[in-house]
Amino acid sequence: MTTKVIKLSPKNPDPKAIANAVDVLKSGGLVCFPTETVYGLGADSFNVPAIQRLFEAKQRPSDNPLIVHVGDFREVSLFAGDIPPKAKTLAGQFWPGPLTLVLQGKETVPDIVRAALRTVALRVPNHAVALALIREFGSGVVAPSANLSGRPSPTTAAHVLDDLRGKVDLILDAGSTEIGIESTVLDVTVDPPVILREGGLTREQIEQMIGPVRSTDSMELLKRSPGTRHRHYAPRAKLMIVGSTMEIESIAKSGKKIGVIFHSFEPSSFEAKNARKLGADVKKFAHDIFDAIRELDEKGVDVILVEQVKERGIGVAVMQRLRKGEE
Ligand code: TXA
Ligand code: MG
């Protein structure tokens, strides 16, 4: 299969390009598209053979369910039955945006979408290209991040091509994504709701609207979101979080080829040919972290050392991913 790439404006996408992408989805094809978080790998949420191909393209374990992307809140009723008041409040406030709500799924939602769970995950992404595509399509687009399973999520079309060239029909290229890490996944089938994955929307923003939410322990996470037990966010190189330049020096002495991603260190105080400085502001750090990991991985380093960030705001989600990447 040859993968076609269409470049389009992130703010005013060409309707012809969108119509073309909708045709591909309607005929059972796979279309990668940008969202405000990361690039997604889209398929028709009711086309089981197409979704099987999606799982194959990504090499995704079948127990990891998919997020259905919808055009607006009304479309939710195609997929979920019981919508609790807190879910309505959150959708009203944060959609379109980086929040995925886990709701009671309707029986009509194919098993492959929800990995045979009773629930279904839904979100309305905040990106003109994604919205145009999903709204024009009209009945839900499943879209995991458009990377090979286990690898860091893609924030540019080039990342998508690196992982999925020849395995998808079309990539809509609208430049790099704004947030750079994935949506927050919140299970609202229980009260208080449970955060299954930290992400682009912070816990504080959620709690301001609906009061306290819970975190999960690993047993509960396994039950509610079985796919999270698989390896995630991992480069080929070993990933390690570091807190000081001294740690870098001691690892460098072991003779390993190291890469460093940092935001506050003085680069003169450690030795590494492959170093990448990211913005000190944690939002900028989040925007570039997956790109930096992929870049150093391409350079063939043995270890990627990443300077820790403060666990505040989106920094919580960044650290959660780095820890997963270390596993
Ligand atoms: O920002 C994002 O969420 C991106 C963009 C493309 O929208 N998508 C994304 O999809 O990150 P994916 O498949 O890489 O991650 C989906 C997460 C996984 O952790 C999965 O286990 C969880 O959502 N999930 C999906 N359906 C679920 C369900 N019914 N119950 C619990 N967790 C679910
Ligand atoms: Mg993913």
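Every number in this text was worked out from the coordinates using simple rules, so none of it is lab data. The structure presented is a predicted model; accordingly, all values stated were derived computationally and were not measured. Because the Cβ atoms are built from the backbone with ideal geometry, glycine has one as well, and the counts that use them run over all protein chains shown.
Could you grab the relative contact order for the chain? Cα pairs under 8 Å, six or more apart, rounded to a whole percent.
21
Label separation (ASP191 vs GLN59): 4.5 nm, computed from points 7 Å beyond Cα along the C-beta direction. Shape analysis of region 72-145 places it in the oblate category; the axes a ≥ b ≥ c from the Cα gyration tensor give an a/c of at least 1.5, with a/b not above b/c. If the chain linking THR3 and ARG165 were pulled fully straight, counting 0.36 nm for each residue of separation and taking away their Cα-Cα distance, it would gain 57.7 nm. Report the FRET efficiency, 1/(1 + (r/R0)^6), for GLU207 and LYS88, where r is their Cβ-Cβ distance and R0 is 22 Å, rounded to 0.05. That pair, GLU207 with LYS88, gives E of 0.85. Residues of region 29-45 with an amide N closer than 19 Å to a point placed 7 Å from the Cα of LYS11 along the Cα-to-Cβ direction: 34-37.
The Cα atoms of region 4-222 give a gyration tensor whose axes a ≥ b ≥ c have a/c of 1.5 or more with a/b greater than b/c, which makes the shape prolate.
Within the same chain, lysines fewer than 8 places from LYS238 are excluded, and of the rest, those with a Cα less than 23 Å from its Cα are LYS58, LYS253, LYS256, LYS257, LYS273, LYS277, LYS299, LYS310, LYS324. The distance separating the Cα centre of region 226-257 from that of region 107-171 comes to 28 Å. With R₀ set to 56 Å, the beta-carbon distance separating SER215 from SER254 gives a calculated FRET efficiency near 0.95.
Each helix, a run of at least 4 DSSP H residues, gives -39500 (n - 2.57); summed and divided by the residues of the chain, these come to -9500 deg cm²/dmol at 222 nm. GNM on the chain, alpha-carbon springs under 10 angstrom: the most fluctuating residue among GLY166, GLY42, GLY255 is GLY255.
The calculated FRET efficiency for the pair THR108 and ASP281, based on their C-beta separation and a Förster distance of 41 Å, comes to about 0.40.
Counting neighbouring Cβ atoms within 10 Å and putting the fewest first, the residues LEU54, LEU164 line up as LEU164, LEU54.
Straight-line cross-link partners of LYS167 among the aspartates and glutamates, defined as a Cα under 17 Å from its Cα and at least 8 positions apart when in the same chain: ASP44, GLU56. Restriction of the GluC sites (Glu not before Pro) in region 222-306 to DSSP coil positions whose beta-carbon has at most 14 other beta-carbons within 10 angstrom yields GLU271. Rounded to the nearest 20, the size of the Cβ-charge dipole of region 189-327 about its Cα centre is 380 debye, with Lys and Arg at +1 and Asp and Glu at -1.
Is region 107-149 best put as rounded, prolate or oblate by its Cα gyration tensor, with a ≥ b ≥ c the root eigenvalues, rounded for a/c under 1.5, and otherwise prolate when a/b is larger than b/c, oblate when not?
oblate
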